[in-house]
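Engineer: Quick one: structure below, then a few questions.
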Amino acid sequence: MKAQLEQKPIMRGKREPVLEHEVLKSSIPIGGRSSIPNMEHSLVPQVESSVKRLGESFDFSSSTSTGGVTGSTRVTQKKTDTNEETIYFQLKPSILDNKFMRRVKANHTDRENFGEFIASCIGQSISESIGKNNVIPKVYLVYDTERKRALVASKYLRGNAGHAAVTLDGYIKAKNDLPPEKSHATFTEGDQAQGGNIGLDVPYMSPLKDTLIDAIVLSAILGDHDINPGNMVVLTNIEDGQEKIYVARIDLGHAFNDLLNAPAVMGGTVLNPKHPVIDFINREKIAGVNGSPSKLWRDYPGVCTPKEMALFASRLEQIGNTHIDAIEEGAENAQIAFKQLIADMKANKDFEGVQHVLKSLVEIHNNISAEKIKPPFNENHIKVVLNKCADFAINNCQDALHAAMVMKIQSSVHHLSEDSNTNEVFSELDELAKQLDEITWIKCNANTSPAEGTLRQHIIRSKIQVLCEQSGDCNITKIAKNVLSFMDGYKADINSQRIANTKGLQKLEQLEPRIEDALNALANKNIKEAITIINGLKKDLRANFGDKNFIGKSIALDAVNKIELDLKKVQMNAYKRAISEGRMASLELDESEHLHASTLN
């Protein structure tokens, strides 16, 4: 790998933390209105030792369920003055008070609640360091002194215009563009809205596009794949006398790859550990029975199209350039809060609670680290866990810069390919090609797999994609897509058997460069050259490996024969058409004529 693509080492800063988050200490009921009189709630600032505790409490007199599977309730902050603004929190109970299957799924730990708290600490620190405020809720640790439970409380976001936040789905419903039978909107490329498919450039979505992508990028940095539109909210601010709407991210309970906490066959694990942000974007599945669809490609297929890649790259670049100190501040704030929570538990003789907190934090750590922490757990593990969470976000920020570079290249290649042949694009990007080795490219379509290869290979693929956009499913693009599909599948099969398939590797060495040249000819609509290349490849395969292998007919030779046959059919149909129209003399001078050849037969 060339130097431009190497990951930078993580260098820790030494700045003192900014004390943003706190532990809320209280005695609270779970799942409904309070029946316990005179409940004491106090806010414990995040400081190391004895400090003044500020009186703060929740009012359960009008608490309501927020729905969902977590058993959360909406409560208000208790007022000391009737003129105070009403402040709402979403209070999430401990996993210990949840249903049996949820407890089993979470390994009887509060990894989701505590992961959300840590993600909020780090996420707020990141966003505020780049001048973006109020884009992630402030989350508090809450200690129930009577029931000896640790909970979290997430403060509801509000814009400065005073309007309540609405989920992105709710925003679309208000425009009457989300059918009742569809649970989530799907955000696509373009300026049309129909059947719950909302173009990113429709008038009411266009102002939200930048901040929606910001929210997706921040989710990738924090490793939370649960980015459905119900976890995005639309807020309204007044800026320079004008209303401005933007998107914020809520409910980060699946941060730190919680939705990848499963075997690969079930949609889990990081498939591209060297480039986790590209993995976040490219992956097709997340954890679930047989794997659940990626929320990115299910709900936001429009954000990764070539048209939007330059914008996506700019958001990756801005957030990826977050200073390490900002991330460490957030992690240190979380560390201080957990230490205070542990101190409160000890003072309450809640030693089981202490072990539950430590076990939950270790569960988060072990999901994102190759080096597992094993029992017995102690308070020193708090620092280890929070350092690992910081490293996770730092590494993802670094990879966001790599992903931004890849997207910029892809955007440029696509733009150049619209008006130039591949040779002109090769020439334009020649210096860049010399700097790049094979890399994983970012998929731009929900129905395709991410490709790996050189810049030259990507340029060829991009030109074929442009042909598809400009000319539809014509014969040349049909053949080109079939050839790409064969080559990708054959290469994957051979690479999965590298140790036991020496002959297959030898065939691949001959196939790949020649198929690439043939695809380049097709990308430039030159069927005659493609036939010449494929015919030469067929002869060499037959001479070097014969017509058969030890299990029968050679797959590679059979595929090459079929490609040649399809190309010759297109060429023959073009000749027939030219003869019938009296244009035979000009045929070879205008290779683009082959693009309009009749259907393969």
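Readers should treat all values here as calculations from the given coordinates under stated rules, not as data from a laboratory. From a predicted model like this one, the values you see are computed outputs, not experimental measurements. Counting neighbours? That spans all protein chains shown, and the Cβs are built from the backbone with ideal geometry, glycine included.
Engineer: Between Lys274 and Asn321, what is 0.36 nm times their sequence separation minus the Cα-Cα distance? Round to one decimal in nm.
Structural biologist: Working: separation 47, 0.36 × 47 = 16.92 nm, distance 1.83 nm.
Working it through step by step, the gained length comes to 15.1 nm.
Engineer: OK, next. For the chain, with the dipole built from +1 on Lys and Arg beta-carbon atoms and -1 on Asp and Glu ones, taken about the Cα centre, which of Met266, Ser471, Ile531 lies farthest toward the positive end?
Structural biologist: Met266
Engineer: Does a label point 7 Å from the Cα of Asn107, set along Cα-to-beta-carbon, have any residues of the stretch 375-399 with amide nitrogen under 16 Å, and which are they?
Structural biologist: Only 375-378, 381-382, 385-386, 388-389 pass the distance filter.
Engineer: Related question: With the dipole of the chain worked out from charges on the C-beta (+1 for Lys and Arg, -1 for Asp and Glu) around the Cα centre, which of Leu212, His356, Phe89 lies farthest toward the positive end?
Structural biologist: Going by the charge dipole, the pick is His356.
Engineer: Find, among the GluC sites (Glu not before Pro) in the stretch 335-398, those assigned to loop by DSSP (not H, G, I, E, B) with at most 11 other beta-carbon atoms within 10 angstrom. Mind dumping the intermediate values first?
Structural biologist: Numbers: sites: Glu352, Glu363, Glu371, Glu379; in loops: Glu371, Glu379.
Answer in residue order: Glu371.
Engineer: Now for a separate question. Modelling each spin label as a point 7 Å along the Cα-to-Cβ direction, I'd like the Ser62/Ser206 distance in nm, to one decimal.
Structural biologist: A separation of 3.9 nm, rounded to one decimal place.
Engineer: Report the gain in length on full extension from Asp493 to Thr448: 0.36 nm times residue separation, minus Cα-Cα distance, nm rounded to one decimal. Spell out each step's value before the answer.
Structural biologist: Values: separation 45, 0.36 × 45 = 16.20 nm, distance 1.74 nm.
Fully extending the segment from Asp493 to Thr448 adds 14.5 nm.
Engineer: Calculate for the chain the 222 nm mean residue ellipticity that helices alone would give, adding -39,500 (n - 2.57) per DSSP H run of length 4 or more and normalising by residue count, nearest 500 deg cm²/dmol. Working shown, then result.
Structural biologist: Values: 17 runs with 271 residues, N = 601.
The per-residue figure over the chain is -15000 deg cm²/dmol.
Engineer: While we're here: Quick check: the angle from helix 455-471's long axis to the longest principal axis of the chain, C-alpha only, nearest 10 degrees?
Structural biologist: 80 degrees
Engineer: If you don't mind, there's one more thing I want to ask. Taking a cut-off of 12 Å between Cα atoms, list the aspartates and glutamates near Lys359, but don't count ones fewer than 8 places away on the same chain.
Structural biologist: Asp110, Glu379
Engineer: Beyond 36 Å, what percent of the Cα pairs of the chain remain? Present the calculation step by step, with values, prior to reporting the outcome.
Structural biologist: Numbers: 82671 of 180300 pairs.
When all Cα pairs of the chain are counted, 46 percent exceed 36 Å.
Engineer: Further question on the same structure: Are there trypsin sites (Lys or Arg not before Pro) in the stretch 131-204 that DSSP marks as loop and that have at most 15 other Cβ atoms within 10 Å, and which are they? Walk me through the intermediate numbers first.
Structural biologist: Values: sites: Lys132, Lys138, Arg147, Lys148, Arg149, Lys155, Arg158, Lys173, Lys175, Lys182; in loops: Lys132, Lys138, Arg147, Lys148, Lys175, Lys182.
Listed in order of number, the matching sites are Lys175, Lys182.
Engineer: In addition: Describe numerically, in nm with one decimal, the distance between label points set 7 Å from Cα along Cα→Cβ at Asp97 and at Glu352.
Structural biologist: Label-label distance for Asp97 and Glu352, simple model: 1.5 nm.
Engineer: Could you give the dipole magnitude of the stretch 284-380 about its Cα centre, charging the beta-carbon of Lys and Arg +1 and that of Asp and Glu -1, in debye to the nearest 20? Could you put the intermediate results ahead of the total?
Structural biologist: Values: 11 positive and 14 negative charges, 82 e Å.
Dipole size: approximately 400 debye.
Engineer: Counting Lys and Arg as +1 and Asp and Glu as -1, each charge on the Cβ, what is the dipole of the stretch 418-596 about the Cα centre in debye, to the nearest 20?
Structural biologist: On the way: 25 positive and 28 negative charges, 203 e Å.
With Lys and Arg at +1 and Asp and Glu at -1, about 980 debye.
Engineer: Assuming 0.36 nm per residue, please report the length gained on full extension of the stretch Lys548 to Ala370 beyond their Cα-Cα distance. Intermediate results must be reported in sequence, preceding the final value.
Structural biologist: Details: separation 178, 0.36 × 178 = 64.08 nm, distance 4.45 nm.
Full extension of this stretch gives 59.6 nm more.
Engineer: Could you pull out the trypsin sites (Lys or Arg not before Pro) across the stretch 254-351 that fall in loop regions by DSSP (anything but H, G, I, E, B) with no more than 15 other Cβ atoms inside 10 Å? Kindly include the intermediate steps, with their values, before the conclusion.
Structural biologist: Working: sites: Lys274, Arg283, Lys285, Lys295, Arg298, Lys307, Arg315, Lys339, Lys346, Lys349; in loops: Lys274, Arg283, Lys349.
Taking the stretch 254-351 and a limit of 15 other Cβ atoms within 10 Å, the loop trypsin sites (Lys or Arg not before Pro) found are Lys274, Lys349.
Engineer: When the dipole is taken about the Cα centre of the chain, and only Lys, Arg (+1) and Asp, Glu (-1) are charged at their Cβ, what size is it in debye, to the nearest 20?
Structural biologist: Numbers: 72 positive and 78 negative charges, 380 e Å.
Charge dipole, the chain, about its Cα centre: 1820 debye, nearest 20.
Engineer: Next question, about the same structure. If I take every Cα pair under 8 Å that is 6 or more residues apart in the chain, average their sequence separation and divide by the length, what percent do I get for the relative contact order?
Structural biologist: Details: 1015 pairs, mean separation 73.8, N = 601.
Here the relative contact order equals 12 percent.
Engineer: What lysines does Lys478 reach when the alpha-carbon gap must be under 17 Å and sequence neighbours fewer than 8 apart in one chain are set aside?
Structural biologist: Lys463, Lys525, Lys528, Lys562, Lys568, Lys569
Engineer: Separate question: Over the stretch 297-348, one equal point on each Cα, no solvent: what is log10 I(q)/I(0) by the Debye formula at q = 0.19, 0.20, 0.24 Å⁻¹?
Structural biologist: Log10 of I(q)/I(0), two decimals: -0.74, -0.77, -0.88.
Engineer: Give the distance, in whole Å, between the Cα centre of the stretch 250-315 and the Cα centre of the stretch 71-94.
Structural biologist: 33 Å
Engineer: Hey, if you put +1 on the Cβ of every Lys and Arg and -1 on every Asp and Glu Cβ in the chain, which of Tyr171, Ile409, Leu505 ends up farthest toward the positive end of that dipole?
Structural biologist: Of the candidates, Leu505 comes out farthest on the positive side.
Engineer: Which FRET efficiency value, to the nearest 0.05, do you get for Glu509 and Ser580 by plugging their Cβ-Cβ distance into 1/(1 + (r/R0)^6) with R0 = 60 Å? Display every interim value, and only then the final one.
Structural biologist: Values: r = 43 Å, r/R0 = 0.72.
The formula returns an efficiency of 0.85 here.
Engineer: Further, regarding this structure: Using each residue's phi in the stretch 292-299, evaluate 6.51 cos²θ - 1.76 cosθ + 1.60 at θ = phi - 60° and report the 3J(HN,Hα) Karplus result to the nearest Hz, with x for Gly and Pro.
Structural biologist: Coupling constants for the stretch 292-299: 9, x, 4, 5, 4, 7, 6, 9 Hz.
Engineer: Sticking with this one: Treating the angle as unsigned and between 0 and 90°, give the value, to the nearest 10°, between the Cα long axis of helix 209-222 and the longest Cα principal axis of the chain.
Structural biologist: Helix 209-222 and the main axis of the chain meet at about 70 degrees.
Engineer: Distances longer than 29 Å among the Cα atoms of the stretch 418-596: what percent of all pairs is that? If you can, show how the numbers build up before the last one.
Structural biologist: On the way: 4054 of 15931 pairs.
That tail contains 25 percent of the Cα-Cα pairs.
Engineer: Using 7 Å Cα-to-Cβ label points, what is the Ser183/Glu431 separation (nm, one decimal)?
Structural biologist: Inter-label distance under the simple model: 5.1 nm.
Engineer: Measure nothing but the geometry: give the 0 to 90° angle between the long axis through the Cα atoms of 502-523 and the longest principal axis through the Cα atoms of the chain, rounded to 10°.
Structural biologist: On a 0 to 90 degree scale, this one is about 80.
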